[in-house]
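A.B. asks: The structure is given below, and queries will be raised subsequently.
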Amino acid sequence: MKDRDRNDSAHNIFQYPAMMVPKVQRRLLGAVLDARPSITSIYDPFVGSGTSLVSGMHYGLNAYGNDINPLAVLLSRVRTARRVESGIGLIAEQVVIGAKADRKRNIETALPNHEKWFHDEVAEELSRLRRSIRRCDDLWVRRFLWATLAETVRLTSNDRTSTYKLHARPTEEIAKRKLSPFAVFKDLARDNCSSILAFRKQLENANNIKDSEYRSDTSVFLRDTREVSNNWSPGGFDLIMTSPPYGDNLTTVTYGQHSYLPLHWIDFNDIDEHADADAVRTTHELDARSLGGSIRGSTWNEETLFENSVHLKRFADSLPPKPGDGRTRLIRFYGDFAESLTRIIKLLSADGYMIWTVGNRSISGLQVPTDIVLSELLDGQGCKVITTLTRQIHHKRMPHRNASSATMKEEKILLVRKSEK
Ligand SMILES: C[S@@+](CC[C@H](N)C(=O)[O-])C[C@H]1O[C@@H](n2cnc3c(N)ncnc32)[C@H](O)[C@@H]1O
């Protein structure tokens, strides 16, 4: 899988952290579908940028997902739309022309202290792009343009691109940076248009487009997986394919911090009617809302967790007494994760399948046996791991400089079946 195409299935419209590789997911899915051709739906409860769902669309499956991060929901909705605007390239060019013609100087963001993160000229150009995007009538078009603006923000802000945590560049470097959001947005829009349209062409060639629409159902919700059961009917999904967080965001991947600046330039109403701007109230809010991010009184306490996973207990007991909160964070994360598992499994059909991709992150230099803990928790909930595959990571964008994942060079893929009770 070293020869992967970076634009495969509109993969690169935004650099979301820890994205799965579309080609790998497609191959896994193909193997499962060969064995079980009756599968018609796929569900990803931690949908991220939507890689599982677009992989499912290559096979014409109904594709459903949810995520707690509004930016993930936006990206997934752009990629999995049933209908897209084929003239998007021209529209994007018009948006840039409209922005350039705009002479207003208002800064269109509620971001506190925006001068720290954006040069004045950068903030002005982003504001003019934002006003120009708002003038477009079609919701999918605006979503596509917001996703492109999000990547423009990522590339033109003063935040470092080498880490997912917010971390401003050194002052001398900031002073030298001369970037025009107009130019960056224009180039990105061109690339994003061609990758979206190439993906649609692939769907069409596979007979998955009928009357310009994807032939099956797709839908992505802005939801916390710990509360997700009300959205769908129990037993409704044939297959779950996902890659969950491997630990609390703060000590693994700070999806929230990475999304903080881009989300400050996007109209929340265009993402989802339930999207609330409080999610970016502070740089930590989204990460605190994510699995293991805060104390929540999960029904899964240390005792129940250890009863279900002896390896989790063994690992927790092996942690050195310092740094103090490693164990607490571990238990808090797994409490939330186990609660999500209960919800997710209820949504899977009686003998449905799951494909889990996980990495073994570290705490205090010790590797958490994430795949084994997951298999034990699944076992306790009537699911059996059929096989575990190991994949070397060549490209996955993980925070290698982050001590907690410095050792993550491979990931495990668990193929799981729910028992037929
Ligand atoms: C590893 S990423 C998913 C990557 C995705 N499979 C892809 O290929 O792009 C994990 C996702 O879990 C989401 N997440 C964390 N806590 C959540 C929760 N309580 N409910 C739903 N999603 C959550 C994060 O926002 C993040 O997008």
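A.B. asks: Quick check: is even one residue across the range 216-225 touching a strand residue (DSSP E or B) at 6+ places or on another chain (Cβ under 8 Å), farther than 19 Å from Pro70 by Cα and of a type in the set (D, E, K, R)?
C.D. replies: Taking every residue of the range 216-225 in turn, at least one turns out to be touching a strand residue (DSSP E or B) at 6+ places or on another chain (Cβ under 8 Å), farther than 19 Å from Pro70 by Cα and of a type in the set (D, E, K, R).
A.B. asks: Considering the range 98-118 alone, what residues qualify as being under 28 Å from the mean Cα position of the chain (by Cα) and surrounded by 16 or more Cβ atoms within 10 Å (Cβ to Cβ)?
C.D. replies: Glu108, Thr109, Leu111, His114, Trp117, Phe118
A.B. asks: Also: Name the residue that is farthest from the chain's Cα centre (by Cα), counting only residues in the range 83-97 that are open to solvent by 90 Å² or more (accessible area, probe 1.4 Å) and aliphatic (A, V, I, L, M).
C.D. replies: Top of the filtered list is Ile97.
A.B. asks: Against the condition open to solvent by 40 Å² or more (accessible area, probe 1.4 Å) and under 30 Å from Gln15 (Cα atoms), how does Thr328 come out, does it pass?
C.D. replies: Judged against the criteria, Thr328 is not a match.
A.B. asks: Now for a separate question. Quick check on the range 216-261: of everything there that is away from the ligand (no atom under 11 Å from the Cβ) and in a helix (DSSP H, G or I), which residue is surrounded by the fewest Cβ atoms within 10 Å (Cβ to Cβ)?
C.D. replies: Top of the filtered list is Asn230.
A.B. asks: If a residue has to be open to solvent by 20 Å² or more (accessible area, probe 1.4 Å), under 25 Å from the mean Cα position of the chain (by Cα) and not aliphatic (A, V, I, L, M) to count, how many in the range 131-144 make the cut?
C.D. replies: Total satisfying the criteria: 5.
A.B. asks: Let me ask you something else. Whether any residue in the range 363-375 is in contact with an Asp or Glu (Cβ under 7 Å, 6 or more places away or on another chain) and touching a residue at least 40 places away in the same chain (Cβ under 8 Å) is what I want to check.
C.D. replies: For the range 363-375, residues in contact with an Asp or Glu (Cβ under 7 Å, 6 or more places away or on another chain) and touching a residue at least 40 places away in the same chain (Cβ under 8 Å): absent.
A.B. asks: Additional query: When residues of the range 382-393 are filtered for being crowded, with 16+ Cβ neighbours inside 10 Å and over 23 Å from Val21 (Cβ atoms), how many remain?
C.D. replies: Adding up the residues that qualify gives 1.
A.B. asks: Which of the residues that make up the range 145-161 are over 18 Å from the mean Cα position of the chain (by Cα) and either within 18 Å of Thr283 (Cα to Cα) or open to solvent by 10 Å² or more (accessible area, probe 1.4 Å) (or both)?
C.D. replies: Leu155, Ser157, Asn158, Asp159, Arg160
A.B. asks: Please work out which one of (1) at pLDDT 85 or above; (2) more than 14 Å from the ligand (Cβ to nearest atom) is the condition Gly359 fails and give its number.
C.D. replies: Checking Gly359 against (1) at pLDDT 85 or above; (2) more than 14 Å from the ligand (Cβ to nearest atom), the one that fails is (2).
A.B. asks: Report yes if some residue within the range 203-214 is exposed (fewer than 15 other Cβ atoms within 10 Å of the Cβ) and either under 22 Å from the mean Cα position of the chain (by Cα) or among the aliphatic types (A, V, I, L, M) (or both); otherwise report no.
C.D. replies: Yes: one or more hits.
A.B. asks: Next question. Determine if the range 188-199 includes at least one residue that is without any contact (Cβ under 8 Å) to a residue 12 or more places away in the chain, away from the ligand (no atom under 16 Å from the Cβ) and closer than 25 Å to Gln25 by Cβ.
C.D. replies: Checking the range 188-199: not a single residue is without any contact (Cβ under 8 Å) to a residue 12 or more places away in the chain, away from the ligand (no atom under 16 Å from the Cβ) and closer than 25 Å to Gln25 by Cβ.
A.B. asks: Restricting to the range 279-311, what's the tally of residues that are within 16 Å of the ligand (Cβ to nearest atom) and in a helix (DSSP H, G or I)?
C.D. replies: Selection size over the range 279-311: 7.
A.B. asks: Continuing with the same structure: Select from the range 262-277 the residues that are away from the ligand (no atom under 16 Å from the Cβ) and free of Cβ contacts under 8 Å to residues at least 12 places away in the same chain and write down the one among them that is most open to solvent (accessible area, probe 1.4 Å).
C.D. replies: If we take residues in the range 262-277 being away from the ligand (no atom under 16 Å from the Cβ) and free of Cβ contacts under 8 Å to residues at least 12 places away in the same chain, then Glu273 is most open to solvent (accessible area, probe 1.4 Å).
The values are calculated or read from the model by the stated rules, or taken from the named source; none is laboratory data. Every value quoted in this text rests on a predicted model; they were computed, and no experiment measured them. We place every Cβ from the backbone using ideal geometry, glycine too, and count neighbours over all the protein chains shown. Note: areas computed on protein heavy atoms with side chains; ligands, DNA, RNA excluded. Shrake-Rupley method; radii C 1.70, N 1.55, O 1.52, S 1.80 Å.
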